[in-house]
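Visitor: Here's a structure for you.
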Amino acid sequence: MRNLVIAAGVLAGGATAAVSGGIDRSGQNLNIIFEPGNYAEFSYGRVKPEVSGSQILPLGPFPAGAKSGDMSGDYSTFSFGIKVEVNDKIDLAFIIDQPIGADVNYPADTGYAYGGSTATLDNTAMSAVLRYKIDNNFSVLGGLRLSSLAGEVALFNGYTLDAQKDLQMGYILGAAYERPDIAMRVSLTYNSAITHELDTVEFGFPSTPFETTIPQSLTLDAQTGIAADTLLFGSIRWVDWSEFDVAPALYVAAVGEPLVYYQSDTITYTAGLGRRFTDNWSGAFTLGYEDQNNNLTGNLGPTDGVMFAGLGLTYTIDRVKISGGVRYFKLGDAQSRAPSPPYPPNTPFGDFTDNSGYAFGLKVGYSF
């Protein structure tokens, strides 16, 4: 069953980078801590969303009905992890990943009000996790996560923001129950919120620093063998996105609300089947869903909910495992908020429908 877990992981983790839960990307996956023996892996993912809409209301010289063009930039993600078995009770893992991120690039020549607007959010995390096995197949885990965060924004109206890199620390807690004889494992993992205080430049001049919080999350993962060489797996992930915002001082003073914020939390569900075909080949199929919140969104992230399906394949030779995966996702329809002023708060401005994309990834693992 071990190969099946690898094939499932290339779909569920950073190798095919989730497009769910606000700006969630890696899912903060910790499955490497459950690998037997000593193990290292590297994964790379490329995500190509297509998000476009039309303007509902006029704004200055920008007419209602103008098309936005594809405003979602393609992006890549990576992760690296190494796990060491200290003894029969203790495992240690070190993980580098990119938990959240954003890449926005509105085309400048469409007549849409936000044309030419760009935004990036860059986050890299380094996690150290310890797992202690106790009696009766239970284990507990905990660790620390060091987070680096920075971002830039340039809007159509001349507003610019440079939020400079900041480092802060959070923590990880979890527990698991395993039945190796039937390939069963159930784990619950909590990632604490991490609050960054960002030195800020607005309109090209130093501004008041502001705080933003990478939200806390809780993930339930489960898997079990259901027949010879067949694995059923799934997860439920809650993220407290309502505590996240980007609220630079001059922007908030002028507009009366944060540049980016989310009104609701998200829950993302995944389920899949893994199958070992031969001693060398195994594969997995995954489905996922995140419900729409039906709130107006910001203009830098005009999607609401997602459905996705993915396929993964793993080839094992000696101590090396090479996994590849592809995922198609259908993004939920959304309406973005109109600038306030001139429009009243919570006025629909852009209508974004029928958007989708795909992602692919590669993971290489080595047991030593």
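Visitor: For the range 331-341, indicate whether the set of residues that are modelled with pLDDT of 95 or more and among the hydroxyl-bearing types (Ser, Thr, Tyr) is non-empty.
Guide: Within the range 331-341, one or more residues are modelled with pLDDT of 95 or more and among the hydroxyl-bearing types (Ser, Thr, Tyr).
Visitor: Can you tell me which residue in the range 52-76 is surrounded by the most Cβ atoms within 10 Å (Cβ to Cβ), limited to those that are touching a strand residue (DSSP E or B) at 6+ places or on another chain (Cβ under 8 Å) and under 10 Å from residue 106 (Cα atoms)?
Guide: 71
Visitor: Of the residues 366, 289, which single one is farther than 22 Å from residue 244 by Cα and surrounded by fewer than 20 Cβ atoms within 10 Å (Cβ to Cβ)?
Guide: Selected residue: 366, the only one of 366, 289 that is farther than 22 Å from residue 244 by Cα and surrounded by fewer than 20 Cβ atoms within 10 Å (Cβ to Cβ).
Visitor: Still on this structure, I have one more. Restrict the check to the range 241-254 and report whether at least one residue is loosely packed, with under 15 Cβ neighbours inside 10 Å and over 26 Å from residue 346 (Cβ atoms).
Guide: no
Visitor: Please return the ranges of strands (runs of 3 or more DSSP E) entirely within the range 50-155 where 3 or more residues are within 30 Å of residue 363 (Cβ to Cβ). Steps first, please.
Guide: Numbers: elements: 53-55, 75-85, 90-97, 101-105, 118-133, 138-154.
Result: 75-85, 90-97, 101-105, 118-133, 138-154.
Visitor: Report every pair of residues separated by at least 6 positions or lying on different chains whose Cβ atoms are under 8 Å apart, first residue within the range 68-81 and on the phi < 0 side of the Ramachandran plot and without any contact (Cβ under 8 Å) to a residue 60 or more places away in the chain, second of a type in the set (Lys, Arg) and assigned to a strand (DSSP E or B).
Guide: These pairs meet every condition: 74/46; 74/48; 75/46; 76/46.
Visitor: Of 327, 319, which residue is among the basic types (Lys, Arg) and surrounded by 15 or more Cβ atoms within 10 Å (Cβ to Cβ)?
Guide: Unique residue meeting the criteria: 327.
Visitor: Does the range 129-148 include one or more residues that are touching a residue at least 40 places away in the same chain (Cβ under 8 Å), out of contact with any Pro (no Cβ under 9 Å at 6 or more places or on another chain), buried (at least 16 other Cβ atoms within 10 Å of the Cβ) and under 24 Å from residue 359 (Cβ atoms)?
Guide: No, the conditions are met nowhere in the range 129-148.
Visitor: Follow-up. Please state which of the following conditions residue 274 fails to meet, knowing it meets all the rest: (1) more than 25 Å from residue 188 (Cα to Cα); (2) buried (at least 18 other Cβ atoms within 10 Å of the Cβ).
Guide: Answer for residue 274: the failing condition is (1).
Visitor: Quick one: is residue 200 in contact with a Ser or Thr (Cβ under 8 Å, 6 or more places away or on another chain), surrounded by fewer than 14 Cβ atoms within 10 Å (Cβ to Cβ) and among the hydroxyl-bearing types (Ser, Thr, Tyr)? Steps first, please.
Guide: Details: in contact with a Ser or Thr (Cβ under 8 Å, 6 or more places away or on another chain): yes; surrounded by fewer than 14 Cβ atoms within 10 Å (Cβ to Cβ): no; among the hydroxyl-bearing types (Ser, Thr, Tyr): yes.
For residue 200, the condition - in contact with a Ser or Thr (Cβ under 8 Å, 6 or more places away or on another chain), surrounded by fewer than 14 Cβ atoms within 10 Å (Cβ to Cβ) and among the hydroxyl-bearing types (Ser, Thr, Tyr) - is not met.
Visitor: Among the residues of the range 112-120, is there at least one that is under 19 Å from the mean Cα position of the chain (by Cα) and modelled with pLDDT under 90? Walk me through how you get there before you give the answer.
Guide: Taking the range 112-120 and keeping what is under 19 Å from the mean Cα position of the chain (by Cα), we get 119-120.
Filter once more, so that each one left must be modelled with pLDDT under 90: none.
No: the range 112-120 contains no residue that is under 19 Å from the mean Cα position of the chain (by Cα) and modelled with pLDDT under 90.
Visitor: Checking residue 348 against (1) over 24 Å from the mean Cα position of the chain (by Cα); (2) within 28 Å of residue 259 (Cα to Cα); (3) crowded, with 17+ Cβ neighbours inside 10 Å; (4) modelled with pLDDT of 95 or more, which test does it fail?
Guide: That leaves (3) as the condition not met.
Visitor: Among 351, 304, which is the only one that is of a type in the set (Asp, Glu) and not in a strand (DSSP E or B)?
Guide: Sole residue among the options that is of a type in the set (Asp, Glu) and not in a strand (DSSP E or B): 304.
The values are calculated or read from the model by the stated rules, or taken from the named source; none is laboratory data. In this text, all values refer to a predicted model and were calculated from it rather than measured experimentally. No Cβ is skipped: glycine too gets one built from the backbone with ideal geometry, and neighbour counts run over all protein chains shown.
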